[in-house]
Amino acid sequence: MKNLLLTFLFLCVTFLTKGQNQSLLEDIVITSENKKTQVSIHENGQLHLNVSPKNVAKYKAAGWVRYGDFGAKGDGKTDDIDAIAATHAFANVHGLSVKANEGATYYISGKERTAVIRTETDFGTAAFIIDDTEVQNRNASVFMVSSALKPFKLESITSLKRNQSKLEVSLPSTCLITVTNANVKQYIRFGLNQNNGSSQTDIFAVDKNGNVDMKAPIIWDFDKITEITALPIDETPLKITGGRFTTIANQAESKYTYYSRNIAIRRSNVLLEGLEHRIKGEEDHGAPYGGFINIGDCAYVTVKNTLLTGHKTYSTIGAAGKPVSMGTYDLSVNRAVNVSFVNCTQTNDINDNTYWGILGSNFCKNLLYDQCILSRFDAHQGVANATIRNSTLGHMGINAIGSGTFLVENSTIRGRSIVNLRSDYGSTWQGQLVIRNCVFVPAGGKPISADLISGSYSGQHDFGYVCYMPEKIIIENLRIDDSHHPENYQGPAIFANFNPQMKDSSYQEKFPYVKTKEVVLKNVTTTSGKPLRISNNLFMFREVKITEDK
C-alpha cells in the first residue's frame, strides 16, 4: 500500500422539501496518511477526514465502523454531526456498515451538515439529540439515505397515456420514472390554503424492457412532456435499524417555513426498523415540520416497528388571508411508490386534537398501514391505491383523494367519518372504496351525527381534473359505535351533505361531479339501533343504487 492515498468524495444530494427543490453540495475529502484518524474542517466548511492505512485495513477487515472511530464523543454535549457525517462518508467509499456506539448520546447542533447513508446502519440503543433552536439551514436534512445510482433523462418519450402498459425504451435495469408536464396544472387547491396548482406529475416503475408495473399504473394522459427522468432502482436492500431520536423543537415564527431536520429517504429498496422519535420544547409558537421520516422519489420502502410523535398544531394566516392551522408532520411521503408502515405507533394520544395528524403525502401509489396506531392517514395531492388494515386511526382519521382501490379492513376508525374525501382537492376518488370488518367510533365517541363518507363539492371550482366519487362502495361487517349521539339523532348517513345548495335540478355545476353508482351493504350495525341512511341530501344522491347483500 502506498503511504499516501488521496480519494475525493463529492456527495451531491438533491432532496424534495415541501414546496420547493433544495440542493445541498457537500465536499468531504478523505485522505490516508501515516498518522491517527482525524476529522478537520476548513474555513469554507469542507470536511477533511484522514484515516491511517493501518486503520483503513482494520476497518475493512471488520466490515464496519463506529462513530467513535471518527471522533464522535457521544457525551450528549459535544456537537458530533461532523464525526457522524465523516463516518458515513468513509463507510460509503469502502462499502462498510456503520454502527453507533452502545450507550452513546450524540448531540447534533443546528449546523448545516448532512450525513449521507449508503450502507447498512445500526443506530442501536444510542440516543440522538437534534437541536433545532438555532438552525443554519432548515432545509438541510440531518441524515440522507441516498443511492449511488444516478438519474438520467428519457428524451425519446414525448407523450403517455393513462394505463399505458409499455414504454418504447431500453433501460439498464428496473427504473423509477418521474414525468412532468409543466403546461398542465392540477390539484388547484380550494379554500384557506388555496393555490394555483401543481404541474401534472406521475411516477411509476418500469423494467429494463420498458414494461410498466401495472400494480402502480400511469394515471394521467400526458399530451406533452416537459421533463421525464429515470432513476435506477437499487436491487440490494438497505437496512437501517434502531436509534432513539429526540428533536428539540424550533422556536421560529409560526408561518409556512417548513423544517426538514430529518431522516430523508431518497433510495429505493429500504427497510427502516426499530427507530424511536420524540419531541421536546414545543411552546405556544413554532414553524411546522416536513416529516422526521421523509420519504421521496423512491420505491419499495418499509418503516417497521417504529415509534413516532405528533407535532403540536400552530396557526398562521393562510393564502386566503384568514387564520389557518398549519400541517406539521412526523411522517411525510412524496412522489413514492410501494411504501409501507408496519406496526408503527406514536407517543402522544391519537385522539388529542392539540397535535396535528402524523402523516402527509403527495403523488404516491400503493401506500399501506398495517398494524398501526396513528392519528391520521392523509393523501393530499392524490394516491393511487391505498390499504389500511389491522390498524387504529385517531382524531384526524382517514383523509384522501386519488384513484384505484382504497381498502380499509379489520380496523377501528375514530375520526369524524370513516373516509374523508378532501374538499380542498375536489373530494375525488376515481375507483372503488371497500370497508370491511371495521369499527367506526364517530369523533372518538363525541356526540355528533355520523357520516361514513364525508367531503364537500360545489361544482364551481376548477381543480384541474374531473372530480369523482367512488364509483362503487362496498361496506361489510361494519359496527358503528354511535352510542354517544346528539338529541334528535336520525342515525348515521352513508354520505355527508356534500353540497347543501344542491336542493333540486335548478342548481347548475360548472364542473359536474361524477356521483357514486352503487353502494353494497352487508351486516352494518349501529350501537344506537338507528338505521343507516343515505344522506341528509336525498336529492344529490337520488340516483345511487343501494344494494343490501344478505
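The values are calculated or read from the model by the stated rules, or taken from the named source; none is laboratory data. The structure presented is a predicted model; accordingly, all values stated were derived computationally and were not measured. Every residue, glycine among them, receives a Cβ derived from its backbone with ideal geometry; neighbour counts consider all protein chains shown. The protein model used for the area step is the full one, side chains on, heavy atoms only, and it has no ligands, DNA or RNA in it. Shrake-Rupley method; radii C 1.70, N 1.55, O 1.52, S 1.80 Å.
Remarks
- Taken over the stretch 371-398, residues that are open to solvent by 20 Å² or more (accessible area, probe 1.4 Å) and either in a strand (DSSP E or B) or among the aliphatic types (A, V, I, L, M) (or both) amount to 8.
- Screening residue 65 with (1) touching a residue at least 24 places away in the same chain (Cβ under 8 Å); (2) assigned to a helix (DSSP H, G or I) gives one miss only, at (2).
- Only one of 510, 522 that is part of a loop (DSSP other than H, G, I, E, B) and over 21 Å from residue 400 (Cβ atoms): 510
- Of the criteria (1) open to solvent by 20 Å² or more (accessible area, probe 1.4 Å); (2) under 28 Å from residue 137 (Cβ atoms); (3) part of a loop (DSSP other than H, G, I, E, B), which one residue 352 fails: (2)
- Any hit, the stretch 247-260, residues being under 30 Å from residue 173 (Cβ atoms) and not charged (D, E, K, R): yes
- Taking the listed residues 221, 207, the one that is in contact (Cβ under 8 Å) with a residue 60 or more places away in the chain and of a type in the set (Asp, Glu) is 221, with no other qualifying.
- For the stretch 216-243, filtering for residues that are open to solvent by less than 20 Å² (accessible area, probe 1.4 Å) and farther than 27 Å from residue 102 by Cα leaves 7.
- Top-ranked residue of the stretch 415-429 - restricted to ones that are open to solvent by 30 Å² or more (accessible area, probe 1.4 Å) and under 21 Å from the mean Cα position of the chain (by Cα), ranked as nearest to residue 188 (Cα to Cα): 423
- Checked against (1) surrounded by fewer than 17 Cβ atoms within 10 Å (Cβ to Cβ); (2) within 20 Å of residue 375 (Cβ to Cβ); (3) hydroxyl-bearing (Ser, Thr, Tyr), residue 259 meets all criteria but (1).
- Pairs, first closer than 16 Å to residue 439 by Cα in the stretch 366-394, second open to solvent by 10 Å² or more (accessible area, probe 1.4 Å) and among the aromatic types (Phe, Trp, Tyr), C-beta under 7 Å, six or more apart: 375/355
- In the stretch 69-82, residue nearest to residue 40 (Cα to Cα) [restricted to those that are hydrophobic (A, V, I, L, M, F, W, C) and open to solvent by less than 10 Å² (accessible area, probe 1.4 Å)]: 70
- Members of the stretch 34-52 found to be modelled with pLDDT under 80 and more than 20 Å from residue 114 (Cβ to Cβ), listed by number: 34, 35, 36, 37
- Given (1) touching a Pro at 6+ places or on another chain (Cβ under 6 Å); (2) open to solvent by 60 Å² or more (accessible area, probe 1.4 Å); (3) at negative phi, index of the condition residue 175 fails: (2)
- Within the stretch 538-545, none of the residues are outside any loop (DSSP other than H, G, I, E, B), of a type outside the set (Asp, Glu) and surrounded by 12 or more Cβ atoms within 10 Å (Cβ to Cβ).
- Considering residues of the stretch 304-326 that are in contact with an Asp or Glu (Cβ under 8 Å, 6 or more places away or on another chain) and either buried (at least 24 other Cβ atoms within 10 Å of the Cβ) or at pLDDT below 95 (or both) only, the residue nearest to residue 151 (Cα to Cα): 308
- Scan of the stretch 399-414 for residues that are more than 18 Å from the chain's Cα centre (by Cα) and open to solvent by less than 10 Å² (accessible area, probe 1.4 Å), ordered by number: 408, 411, 413
- Some residue of the stretch 275-291 being buried (at least 17 other Cβ atoms within 10 Å of the Cβ), over 16 Å from residue 248 (Cβ atoms) and of a type in the set (Ser, Thr, Tyr): no
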